[in-house]
1. Counting helices only, and only those DSSP H runs with n ≥ 4, report the 222 nm mean residue ellipticity of the chain as the sum of -39,500 (n - 2.57) divided by its residues, in deg cm²/dmol to the nearest 500.
2. Can you give me the Rg/Rh ratio for the chain, using Cα atoms for both radii and the Kirkwood formula for Rh?
3. Based on the Cα gyration tensor of region 1-85, what are the three equivalent ellipsoid semi-axes, each the root of five times an eigenvalue, rounded to whole Å and given largest first?
4. Take peptides 99-111, 279-291 and line them up by average Cβ neighbours within 10 Å, highest first, as a rough protection proxy.
5. In sequence order, what are the phi-derived ³J(HN,Hα) couplings for region 177-186 according to the Karplus relation 6.51 cos²θ - 1.76 cosθ + 1.60 with θ = phi - 60°, rounded to whole Hz, with x for glycine and proline?
6. In the calculated pair distance distribution of region 229-327, what percentage of Cα-Cα distances lie above 21 Å?
7. Sort 125-135, 200-210, 374-384 for me by packing, meaning the mean count of neighbouring Cβ atoms within 10 Å per residue, highest on top.
8. If region 320-392 were replaced by its equivalent ellipsoid, with semi-axes equal to the square roots of 5 times the Cα gyration tensor eigenvalues, what would those be, largest first, whole Å?
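The values are calculated or read from the model by the stated rules, or taken from the named source; none is laboratory data. Remember, predicted model here, so these are calculated numbers, not experimental data. Positions of Cβ are backbone-derived with ideal geometry, glycine not excepted, and every protein chain shown enters the neighbour counts. These area figures cover heavy atoms from the full protein model, side chains too; ligands, DNA and RNA do not enter into them. Shrake-Rupley method; radii C 1.70, N 1.55, O 1.52, S 1.80 Å.
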Amino acid sequence: MAQTFETIMKYPAADEKLAGKALEAAAGIAREDLARFTDCFPSSNSINGFYEATENVEWTTGFWTGVLWLAYEYTKDNIFREAAQIQVESFYERIKNKIDVNHHDMGFLFSLSCVASYKLTGNGRAREAALMAAENLAGRYREKGSFLQAWGNVGEASEYRLIIDCLLNLPILYWASETTGEARYAKMAENHIRTAMKCILREDDSTYHTYFIDRETGNPAYGVTHQGNRNNSAWARGQAWGIYGIALSFHYLKDESYIRLFERVTDFFLRHLPEDLIPYWDFDFDTGSTEPRDSSAAAIAVCGMLEMSKYLDKERAEKYTEAAKRILYALIEKCGNRDIAQSDGLLLHGTYARGSEENTCKNRGVDECNTWGDYFYMEALTRVVSDWKMYW
């Protein structure tokens, strides 16, 4: 049975006190993790509840540094600031030497590490690194189609596509325009989200994960999944990227047409939540399914609803804020980790990738912690207990 706002409102909501306790527990686990993850990074997902150490590679390392900045803001303890600044140096070297940056995930990597460092401490090297990352992302902009190519070598026919995740990488371009005065970065971001929303949002308000663009004409071609259950299903994390991504672009552009887009994508997400409000990894699955959950999708959606509520009229702002706080309550009670002996992650029951007949994924990080789930959970808690200034 589909959820409605009325049914969701019957659930308990996370208040400042509950969120504060959960944030205290999260910061405590992050403090314990510093012994292992200061000069290196936790891998993308845990294995049996615990992260292995990795170099600064893949698309996920920025989330851990983001956790450290959030922990620093909450605790005011310089141990977190010092560790984060050490990692900023690693990001500087990564972008300077072009280590694993031939993709679009510059925002995930550099907004939460280097832009955050610059905003919080004025670190000039962090600003320099973030601007190099923005320029690297700008290099993926394709005039034919007006979009940022997600993967592969730029212009490569087999990868001439965008993906919904990229909406969270756009803020580093908006920020680059703000900090340099060069409008071209923000213009690329604005063009990308217009193209993306024209392509990936279906009539039923669900979203495609990826969408190919015709390389010759620049016209939308066709959508396929990469991590969803089916090409025409709604991958839960993708839908959540849509919620938060639209909210972030609205923050910068103030384009009123995005309010309706936000409502469509968010209302689909809310309608298809299972009875306990923790989504399965794909919305093909509902209450009673034995498929795994993706707690990270819920955390991302909460952040997006809380951000967009700042810009809505009173009635709609209250509706989405209250829905977000009820999902957050469910996350705290069912997925929030309080015991480092159980896991060194912050948010349990995430899914990195789940294989199916129509995607090409292998199972990875199924019913585990993942670093982006940890980050967005902590950001959501921070948003409830303080007037947080975004790193995005």
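1. Working: 14 runs with 193 residues, N = 392.
The helix-only estimate for the chain comes to -16000 deg cm²/dmol at 222 nm.
2. Values: Rg = 19.3 Å, Rh = 20.6 Å.
Using Cα coordinates only, the ratio equals 0.93.
3. Working: eigenvalues 182, 68, 24 Å².
They are 30, 18, 11 Å, listed from largest to smallest.
4. Values: 99-111: 23.2, 279-291: 18.2.
The peptides rank, most packed first, as 99-111, 279-291.
5. Ordered by residue, 3J(HN,Hα) equals 5, 5, 7, 10, x, 8, 6, 4, 4, 5 Hz.
6. Details: 1390 of 4851 pairs.
More than 21 Å apart: 29 percent of the Cα pairs in region 229-327.
7. Values: 125-135: 22.6, 200-210: 19.8, 374-384: 27.4.
Going by the mean number of other Cβ atoms within 10 Å, highest first, we get 374-384, 125-135, 200-210.
8. On the way: eigenvalues 127, 50, 31 Å².
After diagonalising the Cα gyration tensor, the semi-axes are 25, 16, 12 Å.
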